[in-house]
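The values are calculated or read from the model by the stated rules, or taken from the named source; none is laboratory data. What you see is a predicted model; the values in this text were computed from it and never measured. Glycine also receives a Cβ, built like all others from the backbone with ideal geometry; neighbour counts cover every protein chain displayed. Side chains are part of the model used for accessible areas, which takes the heavy atoms of the whole protein and leaves out ligands, DNA and RNA. Shrake-Rupley method; radii C 1.70, N 1.55, O 1.52, S 1.80 Å.
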Amino acid sequence: MTVNLFFDRSERLFDEDEFASELEQALEVENHYLALDYAIILKAFSQSEKLALRGIEVEALCFDEMGKHDLEIQAYDEALFRFGDSSDPFVHETVTRLLMNKAITLSSSEKVVDALAVYDQVIKRLKAEDSDPARERLARTLYNRAVNLKINGRVESATRELIALIADFEIYKPAFSTVAKSLRALAWIYVEREQYHKALDIYDQYMAYTNKHEGLDLEEVIPMKVNRATVLTHLDRADDALAEYEQILSDSEGAKSFNVARQIAYSLYNKASILVDQQRISEARGALQRLIRDFSDSSDSEASSSAKDGLRLLESINASESSAANKPKS
């Protein structure tokens with residue numbers, strides 16, 4: 001369908017409400033080329049700030065779907081240029097949201113420095129808004145900015161900002177999932193830097209925090225428990241790590257998701273490795289046999305890889321026992 005881009009306002013041939021409706025219908029059926037035509041018309045001819053801005057928003061969305069990210073960025077810039085200083089709360093909020101989208105697109109395009117500059121704009125605008133939704137979005141924006149600081153190699157700055165975010169929003173329930181993500185990110189920074197005592201403190205803080213709030217499922221909690229057990233191993237607390245792995249296996253009994261299955265596979269292999277180090281070979285063999293039985297044919301590549309590692313470890317155990325049995329007695 002070709003949309004006529006020429007209108008004579010004096011003859012009132014342009015019905016902006018009708019075009020807005022047609023635009024939304026095109027989006028519903030995911031006809032992004034038609035939606036883009038309507039968006040271009042709406043942003044150019046509408047007398048309403050909200051409808052013109054909606055046109056720009058849809059234009060950016062369509063360019064994103066088409067993979068034309070330079071044009072997507074231009075649409076966000078137009079939104080800021082035309083409506084960035086609007087006194088209408090809805091328009092102000094929409095422009096802020098579009099700027100957040102711009103930052104995410106820049107980050108995805110590996111333009112991290114540019115993304116950080118846009119996040120600063122978003123943070124300034126959100127702090128000026130006096131609403132719970134703005135505060136929740138501020139938490140998410142601060143988290144995204146910290147992640148981009150880390151990507152940019154500014155790990156100390158990322159660490160400081162994550163610590164500040166957690167302290168500022170820990171008791172703010174709408175930001176629960178963002179605080180949880182921030183704790184995970186902070187713990188991982190400490191793991192990467194081999195600061196295992198600090199990492200363990202953050203994992204414990206995470207467990208206490210998530211236990212106080214409902215909302216996280218096994219997919220989010222179990223990987224953190226596996227990481228915690230790994231940190232305990234690094235701290236030479238093998239028995240505590242074994243207890244953690246046992247709890248993980250108990251908590252995840254019957255779980256069917258790929259991510260949880262992957263963590264079960266990790267746990268069985270890591271548990272067996274610790275048991276081998278402790279010369280508890282019979283128990284290690286049991287964990288490895290379960291790992292091989294349950295995950296050798298897994299469609300998840302990481303779980304099946306753990307099973308292959310488990311098979312190699314079991315073969316090594318068997319070879320060692322066979323060698324010991326055949327060794328001549330003195």
| Which GluC sites (Glu not before Pro) does segment 218-307 hold that lie in a coil by DSSP with at most 12 other beta carbons within 10 Å? | E253
| task | Count the net charge of all other residues whose Cβ sits under 9 Å from the Cβ of Y206, scoring Lys and Arg as +1 and Asp and Glu as -1. | result | +1
| For the chain, calculated [θ]222 nm from helices alone, where every DSSP H run of n ≥ 4 adds -39500 (n - 2.57) | -26000 deg cm²/dmol
| request: With θ set to phi - 60°, apply the Karplus curve 6.51 cos²θ - 1.76 cosθ + 1.60 along segment 177-194 and write out the HN-Hα couplings as whole Hz, x wherever there is a Gly or Pro. | output: 5, 5, 5, 4, 4, 5, 4, 4, 5, 5, 4, 5, 4, 5, 5, 4, 8, 6
| Which of the lysines could a cross-linker span from K212 if the Cα-Cα distance has to be under 27 Å and same-chain partners fewer than 8 positions apart are dropped? | K173, K181, K198, K225, K256
| message | Can you find, among H213, L313, I202, the residue sitting farthest towards the positive end of the charge dipole of the chain, where Lys and Arg contribute +1 and Asp and Glu -1 at Cβ? | response | L313
| Phi-based couplings in Hz for segment 35-45 (Karplus 6.51, -1.76, 1.60; Gly and Pro marked x) | 4, 5, 4, 5, 5, 4, 5, 5, 5, 7, 10
| said: Given a 1.4 angstrom probe, what's the average accessible area per residue across segment 272-320, in square angstrom? | reply: 55
| query | Counting Lys +1, Arg +1, Asp -1, Glu -1, what net charge surrounds A167 among other residues with beta carbon under 12 Å of its beta carbon? | reply | -2
| remark: On the accessible surface of segment 128-280, probed at 1.4 Å with all protein chains in place, carbon and sulfur together account for a percent value of 48
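Hey, what's segment 83-240 come to in accessible area per residue, 1.4 Å probe, Å²?
50
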| note | Residue span K68 to R280: 0.36 nm per residue of separation minus Cα-Cα distance leaves a gain in nm of 70.5 nm
| note | With x for Gly and Pro, the residue-by-residue ³J(HN,Hα) of segment 242-247, computed from phi through the Karplus equation 6.51 cos²θ - 1.76 cosθ + 1.60 at θ = phi - 60° and given in whole Hz, is 4, 4, 5, 4, 4, 5
| task | List the relative contact order of the chain as a percent without decimals, with contacts defined as Cα pairs under 8 Å and 6+ residues apart. | result | 6
